[in-house]
Amino acid sequence: MSVDLILLFASLFTWGIGEGLFIYFQPIYLQQLGASTMTIAMVFSAFGLAMMLAHIPAGYLADRIGRKPIIVAAWTSGLAATWVMALARTLPVFIVGVLLYGLTAFVSAPLNSYVTAARGKLTPVRAMTLMSAAFNLGAVLGPISGGWLGDRFGLRTVYLVAACIFIVSTGILLFIRSQPRDEHDPAAPPAKLWTNTRFITLVGIVFVAMFVMYLPQPLTPKFLQNERGLSLGSIGLLGSVGSFGNAALNLILGQVAARTGFLLAQVSVAAFSLLLWKGMGVPWYALGFFLLGGYRATRSFIFAQARPLVHPAQMGLAYGVAETFNALSMTLAPLLAGVLYTHAPVVVYPVSLGLVGVAILLTIAFAPRQPDEEPAAASQSLEI
């Protein structure tokens, strides 16, 4: 593994600790600041919208001015946003910090482009799942620590500690090296992404799958506290189990083909919905949170499937488009979750379970196969 990937591993590991401290408690802290269920749902929806607006410009800029400047900008923006949340005394100010933090998701496309280019002998899916595992290994430590701090000192303290940890993560990141930009032959420019039918088909599948997989997640901490009576410490423990599942499933699923991993990740999220719906105790919920790790792994599989479908000079933009539709799913899913939760809190999970089943069938039927997965008689329709 190159020096740059080692530095990224360390920076992501540290960031995972900081984000893990507070991310599982966002709906609970919003509730403490006076937000209703639908207000919380709308905040998560706006968070997804903030993510959606940033991805394509960030991917485009990464292709034009280089990946490192965009990555550094995202890290410093995330650091600033966390200080806003940590210092907020009122709900509106805190929401501003949440939305600013959502904007920093623009890092995903340039970061995965950077990892793809710096991977050396690693396959793209292994390199990206390894970096995702770094973040999630750090996040194992965050939630259980955040729950302990929250029970004893209040959730505001959790955000203050996270903001301090992010300073360390950002400092490490500054030492990664810049990469040369990928160019194309002006006499033979690559086909436009919008006319690349296989890529567009993949993006459509991504939207459906990510929508139904995110649906049961935003209000689960609130559900566990209000409907199942769990303490912040217990919810933090589940968050740590979930982060360990994120890291473990990234590493395990990273050994299989991207399309297969994408399907297995959807199956794991379906199991999460089933266990939250029917499980009646912390051990069952812990198993569900472990399996939810498949959700984070899906992003690596999306990028790994998209990479062979586009020209290297379009990689940042293509990743940005894929992440935009992922963020669109995160904009819409919380609204449906809020409506379902208001009707009956537990109904979110069986609805999600059924919809994930539909998404799996759509993936099997329509997701583009990579050349080494195509049947021998299949024709190749993509020109790169």
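FYI, it's all coordinate maths here, none of it is from the lab. Keep in mind that this is a model prediction, so the values were computed, not measured. When we count neighbours, we look across all protein chains shown, and the Cβ atoms used for this are built from the backbone with ideal geometry, even at glycine.
Quick check: net charge around Y341, other residues with Cβ under 11 Å of its Cβ, Lys/Arg +1 and Asp/Glu -1?
0
Give the whole-number value, in cubic angstrom per residue, of the convex hull volume spanned by the C-alpha atoms of segment 1-86.
For segment 1-86, the hull spanned by Cα atoms encloses 111 Å³ per residue.
Only Lys, Arg, Asp and Glu count, each charged at its Cβ (+1, +1, -1, -1), so figure out the dipole size of the chain about its Cα centre, rounded to 20 debye.
Its charge dipole is roughly 380 debye.
Please identify the longest segment of the chain free of exposed GluC sites (Glu not before Pro), where exposed means a DSSP state other than H, G, I, E or B and no more than 15 other Cβ atoms within 10 Å.
Excluding the exposed sites themselves, the longest stretch runs over 1-182.
Please give the FRET efficiency for V72 paired with M280, using the beta carbon to beta carbon distance and R0 = 45 Å, rounded to the nearest 0.05.
0.45
So between Q255 and R64, what do we pick up on full extension, going 0.36 nm a residue minus the alpha carbon distance?
65.5 nm
So what does the Cα-only Debye profile of the chain read at q = 0.08, 0.10, 0.11 Å⁻¹, as log10 I(q)/I(0), no solvent term?
Reported log10 I(q)/I(0), two decimals: -0.38, -0.60, -0.73.
With the Cα gyration tensor of segment 213-315 in hand, give its eigenvalues times 5 under a square root as the equivalent ellipsoid semi-axes, listed largest first in whole angstrom.
30, 12, 11
Rounded if a/c is under 1.5, else prolate if a/b is larger than b/c, else oblate: which is segment 88-232, with a ≥ b ≥ c the root eigenvalues of its Cα gyration tensor?
Prolate is the answer for segment 88-232, as a/c is 1.5 or above and a/b outweighs b/c.
Once fully extended, how much extra length lies between R369 and T195, figured as 0.36 nm per residue of separation less the alpha-carbon to alpha-carbon distance?
60.9 nm
Taking the Cα centre as origin and putting +1 on Lys and Arg beta-carbons and -1 on Asp and Glu beta-carbons, what dipole magnitude results for segment 155-268, to the nearest 20 debye?
Using only the charged Cβ atoms, the result is roughly 180 debye.
In whole Hz, what ³J(HN,Hα) sequence does segment 5-12 give by Karplus (6.51, -1.76, 1.60; θ = phi - 60°), x for Gly and Pro?
Using θ = phi - 60°, the values come out as 5, 5, 5, 4, 4, 5, 5, 5 Hz.
Picking from Y24, A105, L291, whose Cα lies most toward the positive end of the charge dipole for the chain (charges on Cβ: Lys, Arg +1; Asp, Glu -1)?
Y24
Counting Lys and Arg as +1 and Asp and Glu as -1, what is the net charge of the other residues whose Cβ lies under 13 Å from the Cβ of M85?
It works out to a net charge of +1.
Over what distance in Å are the Cα centres of segment 313-359 and segment 85-121 separated?
Each part reduced to its Cα centre gives a spacing of 19 Å.
Whole-Hz Karplus ³J(HN,Hα) for segment 120-134, in order, using 6.51 cos²θ - 1.76 cosθ + 1.60 and θ = phi - 60°, x for Gly and Pro?
For segment 120-134, the Karplus curve yields x, 8, 6, 6, x, 5, 5, 4, 6, 5, 5, 5, 5, 5, 4 Hz.
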